[in-house]
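J.: Mind having a look at this structure? Questions to follow.
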Amino acid sequence: MLTLICFFNADIFAQAKNNAWFRGTMAYKVSTQLTADIEVQHRRQSGFTDHMILGHNLMYSLRTWIHYLPANELKISISPFASFSHYRIIEKAEDEIYAPAKETRFSIAALWQKDLFARFSLINRNAIEYRILSNQSRNIVRWRNRAGLQYNIKPGLSFLLYDEVFVNAAGVQPGHLVDHNRLGTHFECKCLSQLKAEFGYIYINRLPLSGTNWLKENNLMLNITFDLPN
């Protein structure tokens, strides 16, 4: 991970924003079909005059999830509450000093996973988000869809390649229907019986709600999940 961070500071990425995403999750298995999560996220971004990936705040969040498995191939997830602090994406020097915008978010999602052949699986996730933002006059309804292909290298280790599109269904100005698109890849490793790690790279094309120019972003991500003992 440190090697990748150093690589991201190189001039080859000077034309795009360089970010680092971190997420920690504690999961509690209520039953064979029901799990409750609490997650904390922190994201960092490069500055206006530098390309240091850890230079400035980008986002903090606290989110709760309830997951229900009605079938082996389907997972239904509800986030009854999430709180976010969004710092400005730094495009000019004064963006570095603005106070963060606050967001309260409610979400519902469905994840479908189908084994194809050998070690390959097809992944499709749909979600609806209701977003209450302190810097927007109207609340926003956003739909997101992730489609991907997973390769199970061995038990406890898998590789995922996916594309995820975010669409603003309500509450935005004309021309902002598409919020952003993520093209990502990551490895998932079951390190210990109660510990799982995900690390990878996400390339984003984003149209900020207050802007008219598309932004390109390089993102490194690291997620850690700890399963609490029953």
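The values are calculated or read from the model by the stated rules, or taken from the named source; none is laboratory data. This is a predicted model, so every value here is computed, not measured. No Cβ is skipped: glycine too gets one built from the backbone with ideal geometry, and neighbour counts run over all protein chains shown.
J.: Does region 86-104 include one or more residues that are of a type in the set (S, T, N, Q) and under 15 Å from the mean Cα position of the chain (by Cα)?
T.: Going residue by residue through region 86-104, those that are of a type in the set (S, T, N, Q) are 104.
In the following step, the residues that additionally are under 15 Å from the mean Cα position of the chain (by Cα) were identified as none.
The answer is no, given that none of the residues of region 86-104 is of a type in the set (S, T, N, Q) and under 15 Å from the mean Cα position of the chain (by Cα).
J.: Out of curiosity, is Ser137 polar (S, T, N, Q) and modelled with pLDDT under 95?
T.: Considered against the rule, which asks whether it is polar (S, T, N, Q) and modelled with pLDDT under 95, Ser137 comes out as yes.
J.: Collect the residues in region 43-75 that are of a type in the set (A, V, I, L, M) and either within 27 Å of Arg105 (Cα to Cα) or surrounded by fewer than 14 Cβ atoms within 10 Å (Cβ to Cβ) (or both), keeping them in residue-number order. Can you show your working first?
T.: Within region 43-75, the first condition is being of a type in the set (A, V, I, L, M), and the residues that meet it are 52-54, 58-59, 62, 66, 69, 71, 74.
Scanning region 43-75 gives Ile53, Leu54, Leu58, Met59, Leu62, Ile66, Leu69, Ala71, Leu74.
J.: Can you go through Tyr68, Tyr60 and tell me which one is in contact with a Pro (Cβ under 9 Å, 6 or more places away or on another chain) and at pLDDT 95 or above? Steps first, please.
T.: Details: Tyr68 fails: in contact with a Pro (Cβ under 9 Å, 6 or more places away or on another chain).
Only one candidate passes the filter, namely Tyr60.
J.: Scan region 90-128 for residues that are within 30 Å of Leu160 (Cα to Cα) and touching a His at 6+ places or on another chain (Cβ under 7 Å) and jot them down. Write out each step before concluding.
T.: Quick first cut of region 90-128, residues within 30 Å of Leu160 (Cα to Cα) only: 90, 103-128.
Those that are within 30 Å of Leu160 (Cα to Cα) and touching a His at 6+ places or on another chain (Cβ under 7 Å): Ile90, Glu103.
J.: While we're looking at this one, here's another question. Filter region 178-193 for residues that are out of contact with any Leu (no Cβ under 8 Å at 6 or more places or on another chain) and either closer than 17 Å to Lys17 by Cβ or modelled with pLDDT of 95 or more (or both); which is surrounded by the most Cβ atoms within 10 Å (Cβ to Cβ)?
T.: Initial filter on region 178-193 (out of contact with any Leu (no Cβ under 8 Å at 6 or more places or on another chain)): 181-183, 191-193.
If we keep only those that are either closer than 17 Å to Lys17 by Cβ or modelled with pLDDT of 95 or more (or both) too, we end up with 181-183.
Working: Asn181: 16, Arg182: 18, Leu183: 14.
Selected residue: Arg182.
J.: Take the residues of region 162-177 that are β-branched (Val, Ile, Thr) and at pLDDT 95 or above: which is nearest to the chain's Cα centre (by Cα)? Even if it seems obvious, please write down each step before you answer.
T.: Within region 162-177, the first condition is being β-branched (Val, Ile, Thr), and the residues that meet it are 165, 167, 172.
Within this subset, residues satisfying the condition of being at pLDDT 95 or above are 165, 167.
On the way: Val165: 12, Val167: 15 Å.
Ranking the candidates gives Val165 first.
J.: Taking region 103-150, which residues are within 20 Å of Leu183 (Cβ to Cβ), of a type outside the set (Phe, Trp, Tyr) and surrounded by fewer than 17 Cβ atoms within 10 Å (Cβ to Cβ)?
T.: Result: Gln113, Leu122, Ile123, Asn124, Asn126, Asn145, Ala147, Leu149.
J.: Name the pairs: first residue in region 138-165 and at positive phi, second residue surrounded by 13 or more Cβ atoms within 10 Å (Cβ to Cβ), Cβ to Cβ under 8 Å, at least 6 apart or on different chains?
T.: Gly156/Cys189; Gly156/Lys190
J.: Which residue, of Ile12, Ile38, is over 15 Å from Leu222 (Cα atoms), surrounded by fewer than 18 Cβ atoms within 10 Å (Cβ to Cβ), among the hydrophobic types (A, V, I, L, M, F, W, C) and modelled with pLDDT of 85 or more?
T.: On the way: Ile12 fails: modelled with pLDDT of 85 or more.
Residue meeting the stated conditions: Ile38.
J.: Just to be sure before I move on: is Leu209 loosely packed, with under 15 Cβ neighbours inside 10 Å, touching a strand residue (DSSP E or B) at 6+ places or on another chain (Cβ under 9 Å) and either of a type in the set (Lys, Arg) or within 23 Å of Ser61 (Cβ to Cβ) (or both) in the structure I sent?
T.: Values: loosely packed, with under 15 Cβ neighbours inside 10 Å: no; touching a strand residue (DSSP E or B) at 6+ places or on another chain (Cβ under 9 Å): yes; either of a type in the set (Lys, Arg) or within 23 Å of Ser61 (Cβ to Cβ) (or both): yes.
Considered against the rule, which asks whether it is loosely packed, with under 15 Cβ neighbours inside 10 Å, touching a strand residue (DSSP E or B) at 6+ places or on another chain (Cβ under 9 Å) and either of a type in the set (Lys, Arg) or within 23 Å of Ser61 (Cβ to Cβ) (or both), Leu209 comes out as no.
J.: Further question: For region 190-215, which residues satisfy the criterion of being in contact (Cβ under 8 Å) with a residue 60 or more places away in the chain and touching a Lys or Arg at 6+ places or on another chain (Cβ under 7 Å)?
T.: Listed by number, the residues that qualify are Ile202, Leu215.
J.: Which of the residues that make up region 72-100 are assigned to a loop (DSSP other than H, G, I, E, B) and under 16 Å from Asn57 (Cβ atoms)? Before the answer, list the steps.
T.: Step one: list which residues in region 72-100 are assigned to a loop (DSSP other than H, G, I, E, B), which gives 72-73, 87-92, 98-100.
Listed by number, the residues that qualify are Tyr87, Arg88, Ile89, Ile90, Glu91, Tyr98, Ala99, Pro100.
J.: A follow-up question, please. Would you call Met52 under 30 Å from Asn218 (Cβ atoms) and at pLDDT below 95? Before you say what the answer is, go through the steps one by one.
T.: Values: under 30 Å from Asn218 (Cβ atoms): yes; at pLDDT below 95: yes.
Yes: the conditions hold for Met52.
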